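Student: Structure below; questions to follow.
The values are calculated or read from the model by the stated rules, or taken from the named source; none is laboratory data. Since we're looking at a predicted model, the values are computed, not measured. Cβ placement follows ideal geometry from the backbone for every residue including glycine, while neighbour counts extend to all protein chains displayed.
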Number of protein chains: 2
Amino acid sequence: MASISKRAADIPASAIRKMIPLADKARSQGVKVYRLNIGAPDIKSPQCALDAVKNHVMDHVSYTNSAGLLELREGFANRYYKSCGVDITPDDLLVTVAGSEAIDMAMKILMNPGDELILMEPYYTNYNTFAIENEIVIRPVPTDIRNGFKVPSMDEFEKLVTPRTKAIMISHPGNPTGTLYTKEEILSLGEIARKHDLFLISDEVYREFCYTDEPHFSAMSIPGLEQNVVMVDSISKRYNLCGARIGTIVTKNHEVLAAATKYAQARLSPPAYGQIAALGALDTPKEYFQAVKEEYIRRRDYTIGALNAMEGVFTPTPQGAFYTIVSLPVDDAEDFARWMLTDFRYEGQTVQITPAKTFYSTPGKGLNQVRIAYVLEIPELHKAMKVLEEGLKAYPGRTL
Amino acid sequence: MASISKRAADIPASAIRKMIPLADKARSQGVKVYRLNIGAPDIKSPQCALDAVKNHVMDHVSYTNSAGLLELREGFANRYYKSCGVDITPDDLLVTVAGSEAIDMAMKILMNPGDELILMEPYYTNYNTFAIENEIVIRPVPTDIRNGFKVPSMDEFEKLVTPRTKAIMISHPGNPTGTLYTKEEILSLGEIARKHDLFLISDEVYREFCYTDEPHFSAMSIPGLEQNVVMVDSISKRYNLCGARIGTIVTKNHEVLAAATKYAQARLSPPAYGQIAALGALDTPKEYFQAVKEEYIRRRDYTIGALNAMEGVFTPTPQGAFYTIVSLPVDDAEDFARWMLTDFRYEGQTVQITPAKTFYSTPGKGLNQVRIAYVLEIPELHKAMKVLEEGLKAYPGRTL
């Protein structure tokens, strides 16, 4: 019988999503399952975004320009990006089907099959999926949970540079670690890119979730590196509009954008309704971001404190996004995460967490780590932390 | 300087879209330009689809399941597809980001780089774009405008079958020819697929636009070929919801769907608003399709009559979709199409048409042909046909 392609067989199944049936089963048994496994926040979308769609008068939902509505590109450039210090024009960006398409486009456009991409490990799982889809070789630079996944020295990067190295990619601030890069760190990454003439792909979808007093310093702002920097971005997280599927690919390198336009034309149009929501979202008041940020700081402080108070548990204090990588006193965090869903109940509750192995490509790394997304309200997080603590005490593979 | 990838450089720019700046320029000079160049109809979306979005209560636009909302998959399978005689369950389909993603997924999943895909020429341009993106080799079977682009004999297909042949793809009814395949023709394509164990990819996005008395016979209904047929579909055309970006990939072959699920997980979620519109569209009354179909039959009859009445012009009578390929008495239809936009005005008007060369991969074919989309109201079509006729008389490269 005709069989599927090797490339389709080779794409890894989502490690995060393969736990879902186990969680569903627990729920069907009446167990309360706290979802700390994915970055799907519980916070409302801005009312102006929701209203924009409700109030939009349209009798025909037609294609938009493949690059997105001009009005939206203008709004992103002249209003949103300007307000966060990223100096671009509407011609420097293209509207994508969320951050996912922007990442995929950046990889396809900047790298040939066999080219090497340097990533700080641990990194967002789907970077791996898109790299495999695009036949890109990932070269991970190790970082260390004990120093909060700090950017390694230039030497560590340079050890990995080969004639096939084409780009460095960062998540800033980062999923899954919550690492926020300082201006100095971004500039030093820029130096490496400049020295070896590499592209620097900067995924800045968590820009509005920075918990230090420093303003977020975009890779787009590195002086003199304009032709090498490609920013991928999305409205999903910053406006809690994950389902709108609207993102951007942003660069001053117009050869890159011209190629992105060709890919965009093949898929015809980004979602029209999502673009209308995005247009509305441009009116989001500063207070919305401020309130959301304060809420996440409270959640983070609570969660980090609770985790580090558990025996044998360690997690650094992330400065951005809404994730943290946690080292647990267990033999195998994947087995533990599964066991929590299948076997462990505390007062009829359990927690769903993501084994961190999926964020590493170096075999054997992250085996006793999990990623926790602190995307629930504090009273819920409080109960979830208690359940996790009790689970760790009861787990047969405990290493303490 | 770091340069873009070879694959990105190799993607062809859309021939259709490269005319757009010329049309924009004519418009900016006050010229009325009739848009016969793309399949963007002027017909209203069903009110139930528009209302579904307006009335949907939601305070957070979140991700849906990567495979689409279960309710929508059930609605497609149990209501829409059942109503058109396609017998599937919700487990036989996945919601995609419109037909474009479904086509791309089908190609990626069914074919390895270097594998060969048989297409009847002329064919939809983006089949070519996605084939190039996925390193698939297109092997065109010639068809003939003089007999209405009829399916060639099995012999013609078999001449092209090699050990690398992996699939046949059809557009049914077809863009750009408007060809509607009879049940017998679909069954005979099925025979070829069965005999050589090929996949049959059937793009049925124009299913609701069939102008014969026979019901549309889906490739999904070929007896015994269930594991080889993959249908790609979209709500864009049938509900005039091109901007919603919702489609489906449908197959009884669950190995194919499992692979599609992995690709779907990498891009996280189809558009949420589009899915809500699609759910609403399931309530579209039969009368909507009937009225749209009758309108298109009127437009087609008018357009085909007017074209064939022009000296030296020939077009067959398409039985489906809303396109027709037209042979013109010109030396070079691309030059003619460009000249119409840049030079020719008749009472301050001109027409925008698509050179058919872009729908052929065999060099030298279709050079004197254009594709016309009859997507305007008859009074507008009437004026457009007059302008086209006058343009043909005045064109310096006229061959009569």
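Student: Report, by residue number, each residue of segment B:352-382 that is within 24 Å of B:Val292 (Cα to Cα) and touching a Leu at 6+ places or on another chain (Cβ under 9 Å).
Tutor: Hits for segment B:352-382 are B:Gln352, B:Ile353, B:Thr354, B:Arg371, B:Ile372, B:Ala373, B:Tyr374, B:Val375, B:Leu376, B:Leu381.
Student: Going residue by residue through segment B:203-211, is there one that turns out to be within 21 Å of B:Tyr80 (Cβ to Cβ), outside any loop (DSSP other than H, G, I, E, B), under 12 Å from the mean Cα position of the chain (by Cα) and β-branched (Val, Ile, Thr)?
Tutor: no
Per-residue answers, yes or no, for (1) assigned by TED's automatic domain parsing to the domain that holds A:Val137; (2) free of Cβ contacts under 8 Å to residues at least 40 places away in the same chain; (3) touching a strand residue (DSSP E or B) at 6+ places or on another chain (Cβ under 8 Å); (4) assigned to a loop (DSSP other than H, G, I, E, B):
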position: A:Ala306; (1), (2), (3), (4): no, no, no, no
position: A:Glu311; (1), (2), (3), (4): no, no, no, yes
position: A:Phe344; (1), (2), (3), (4): no, no, yes, yes
position: A:Leu376; (1), (2), (3), (4): no, no, yes, yes
position: A:Ala384; (1), (2), (3), (4): no, no, yes, no
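Student: On to the next question. Which condition number in (1) closer than 22 Å to A:Gly39 by Cβ; (2) in contact with a helix residue (DSSP H, G or I) (Cβ under 8 Å, 6 or more places away or on another chain); (3) crowded, with 18+ Cβ neighbours inside 10 Å; (4) hydroxyl-bearing (Ser, Thr, Tyr) is the one that A:Tyr346 fails?
Tutor: Just one mismatch for A:Tyr346, condition (1).
Student: Here is a further query. For segment B:32-42, give me each residue that is crowded, with 16+ Cβ neighbours inside 10 Å and either part of a loop (DSSP other than H, G, I, E, B) or facing chain A (nearest Cβ under 10 Å) (or both).
Tutor: The answer is B:Leu36, B:Asn37, B:Ile38, B:Gly39, B:Ala40, B:Pro41.
Student: With the requirement that a residue be within 12 Å of chain A (Cβ to nearest Cβ), surrounded by 15 or more Cβ atoms within 10 Å (Cβ to Cβ), outside any loop (DSSP other than H, G, I, E, B) and not small (Gly, Ala, Ser), what does segment B:1-31 give you?
Tutor: Within segment B:1-31, B:Arg7, B:Arg17, B:Ile20 meet the criteria.
Student: Keeping to segment A:179-202, report how many residues are over 17 Å from A:Ile109 (Cα atoms), of a type outside the set (A, V, I, L, M, F, W, C) and part of a loop (DSSP other than H, G, I, E, B).
Tutor: Number satisfying all stated conditions: 3.
Student: Another question, if that's okay. If we keep just the residues of segment A:109-143 that are of a type outside the set (A, V, I, L, M, F, W, C) and over 18 Å from A:Gly366 (Cβ atoms), which is surrounded by the fewest Cβ atoms within 10 Å (Cβ to Cβ)? I'd like the intermediate steps shown before the answer.
Tutor: So in segment A:109-143, the residues of a type outside the set (A, V, I, L, M, F, W, C) come out as A:112-116, A:121-129, A:133-135, A:139-140, A:142-143.
Subsequent filtering for residues that are over 18 Å from A:Gly366 (Cβ atoms) retains A:112-116, A:133-135.
On the way: A:Asn112: 17, A:Pro113: 13, A:Gly114: 10, A:Asp115: 21, A:Glu116: 19, A:Glu133: 20, A:Asn134: 22, A:Glu135: 18.
Among residues in segment A:109-143 that are of a type outside the set (A, V, I, L, M, F, W, C) and over 18 Å from A:Gly366 (Cβ atoms), the one surrounded by the fewest Cβ atoms within 10 Å (Cβ to Cβ) is A:Gly114.
Student: Here is a list: B:Arg338, B:Arg300. Which entry is surrounded by fewer than 24 Cβ atoms within 10 Å (Cβ to Cβ), in a helix (DSSP H, G or I), under 18 Å from the mean Cα position of the chain (by Cα) and touching a residue at least 24 places away in the same chain (Cβ under 8 Å)?
Tutor: Testing whether each residue is surrounded by fewer than 24 Cβ atoms within 10 Å (Cβ to Cβ), in a helix (DSSP H, G or I), under 18 Å from the mean Cα position of the chain (by Cα) and touching a residue at least 24 places away in the same chain (Cβ under 8 Å) leaves just B:Arg300.
Student: Between B:Ile88, B:Ile118, which is in a loop (DSSP other than H, G, I, E, B) and more than 9 Å from chain A (Cβ to nearest Cβ)?
Tutor: On the way: B:Ile118 fails: in a loop (DSSP other than H, G, I, E, B).
Within the list B:Ile88, B:Ile118, the selection yields B:Ile88.
Student: Does B:Ala321 qualify as being without any contact (Cβ under 8 Å) to a residue 40 or more places away in the chain and either aromatic (Phe, Trp, Tyr) or within 17 Å of B:Pro122 (Cβ to Cβ) (or both)?
Tutor: On the way: without any contact (Cβ under 8 Å) to a residue 40 or more places away in the chain: no; either aromatic (Phe, Trp, Tyr) or within 17 Å of B:Pro122 (Cβ to Cβ) (or both): yes.
So B:Ala321 fails the test.
Student: Just name the residue that is nearest to the chain's Cα centre (by Cα) out of those in segment B:252-297 that are at the interface with chain A (Cβ under 8 Å from one of its Cβ atoms), surrounded by fewer than 24 Cβ atoms within 10 Å (Cβ to Cβ) and outside any helix (DSSP H, G or I).
Tutor: Taking the candidates together, the pick is B:Arg267.
Student: Oh, and also: Confirm whether A:Arg79 is surrounded by fewer than 16 Cβ atoms within 10 Å (Cβ to Cβ), within 22 Å of A:Glu208 (Cβ to Cβ) and either polar (S, T, N, Q) or more than 9 Å from chain B (Cβ to nearest Cβ) (or both). Spell out how you get there, then give the answer.
Tutor: Numbers: surrounded by fewer than 16 Cβ atoms within 10 Å (Cβ to Cβ): yes; within 22 Å of A:Glu208 (Cβ to Cβ): yes; either polar (S, T, N, Q) or more than 9 Å from chain B (Cβ to nearest Cβ) (or both): yes.
Yes, satisfied.
Student: While we're here: Residue by residue through segment A:164-174, note down the ones that are at pLDDT 95 or above and either in contact with a helix residue (DSSP H, G or I) (Cβ under 7 Å, 6 or more places away or on another chain) or in a loop (DSSP other than H, G, I, E, B) (or both). Talk me through it step by step, then tell me what you get.
Tutor: Let us first name the residues in segment A:164-174 that are at pLDDT 95 or above, namely A:164-173.
Across segment A:164-174, the qualifying residues are A:Arg164, A:Thr165, A:Lys166, A:Ala167, A:Ile168, A:Met169, A:Ile170, A:His172, A:Pro173.
Student: Tell me which of these B:Ser3 doesn't satisfy, since it passes every other one: (1) at pLDDT 95 or above; (2) among the hydroxyl-bearing types (Ser, Thr, Tyr); (3) over 23 Å from the mean Cα position of the chain (by Cα).
Tutor: (1)
Student: Counting just the residues of segment A:312-335 that are small (Gly, Ala, Ser) and closer than 28 Å to A:Lys293 by Cβ, which one comes out surrounded by the most Cβ atoms within 10 Å (Cβ to Cβ)? Let's see the steps before the verdict.
Tutor: At the first step, the residues of segment A:312-335 found to be small (Gly, Ala, Ser) are A:312, A:320-321, A:327, A:333.
Now restrict to residues that are closer than 28 Å to A:Lys293 by Cβ: A:320-321, A:327.
Working: A:Gly320: 26, A:Ala321: 29, A:Ser327: 19.
For segment A:312-335, the residue satisfying everything is A:Ala321.
Student: Please count how many residues of segment A:40-69 are under 25 Å from the mean Cα position of the chain (by Cα) and without any contact (Cβ under 8 Å) to a residue 40 or more places away in the chain.
Tutor: The qualifying residues number 1.
Listed here are the residues, each with its yes/no results for (1) of a type in the set (Gly, Ala, Ser); (2) modelled with pLDDT of 95 or more; (3) outside the structural domain of B:Ala193 (by TED's automatic domain parsing); (4) out of contact with any strand residue (DSSP E or B) (no Cβ under 9 Å at 6 or more places or on another chain).
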position: B:Tyr81; (1), (2), (3), (4): no, yes, no, no
position: B:Cys84; (1), (2), (3), (4): no, no, no, yes
position: B:Ser100; (1), (2), (3), (4): yes, yes, no, no
position: B:Glu121; (1), (2), (3), (4): no, yes, no, no
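Student: Looking at segment B:44-55 only, could you name the residues that are buried (at least 17 other Cβ atoms within 10 Å of the Cβ) and outside any helix (DSSP H, G or I)?
Tutor: Of everything in segment B:44-55, those that are buried (at least 17 other Cβ atoms within 10 Å of the Cβ) and outside any helix (DSSP H, G or I) turn out to be B:Ser45, B:Pro46.
Student: What number goes with the only condition from (1) facing chain B (nearest Cβ under 9 Å); (2) within 24 Å of B:Ile11 (Cβ to Cβ); (3) assigned to a loop (DSSP other than H, G, I, E, B); (4) not aliphatic (A, V, I, L, M) that A:Tyr239 does not pass?
Tutor: (2)
Student: Does A:Phe130 meet the test of being without any contact (Cβ under 8 Å) to a residue 40 or more places away in the chain and closer than 26 Å to B:Ala264 by Cβ?
Tutor: Spelling it out, A:Phe130 is indeed without any contact (Cβ under 8 Å) to a residue 40 or more places away in the chain and closer than 26 Å to B:Ala264 by Cβ.
Student: Specify the residue that is surrounded by the fewest Cβ atoms within 10 Å (Cβ to Cβ); the eligible residues are those in segment B:204-236 that are β-branched (Val, Ile, Thr) and within 11 Å of another protein chain (Cβ to nearest Cβ). Lay out the reasoning, then the answer.
Tutor: Keep residues of segment B:204-236 that are β-branched (Val, Ile, Thr), which gives B:205, B:212, B:222, B:229-230, B:232, B:235.
Next, from what is left, pick out any that are within 11 Å of another protein chain (Cβ to nearest Cβ): B:229-230, B:235.
Details: B:Val229: 22, B:Val230: 28, B:Ile235: 30.
For segment B:204-236, the residue satisfying everything is B:Val229.
Student: Now a separate question. Are any residues in segment B:280-331 small (Gly, Ala, Ser) and under 24 Å from B:Glu214 (Cβ atoms), and if so, which ones? Can you show your working first?
Tutor: Here is the first cut: in segment B:280-331, the residues small (Gly, Ala, Ser) are B:280-281, B:291, B:305-306, B:309, B:312, B:320-321, B:327.
Answer for segment B:280-331, where residues must be small (Gly, Ala, Ser) and under 24 Å from B:Glu214 (Cβ atoms): B:Ala291, B:Gly305, B:Gly320, B:Ala321.
Student: Additional query: Could you check A:Leu72 against (1) part of a loop (DSSP other than H, G, I, E, B); (2) under 30 Å from B:Lys237 (Cα atoms) and say which number it fails?
Tutor: (1)
Student: Assuming A:Glu71 fulfils every condition listed in (1) at pLDDT 95 or above; (2) more than 9 Å from every other protein chain (Cβ to nearest Cβ); (3) out of contact with any helix residue (DSSP H, G or I) (no Cβ under 8 Å at 6 or more places or on another chain) apart from one, which condition is it?
Tutor: All conditions are met except number (3).
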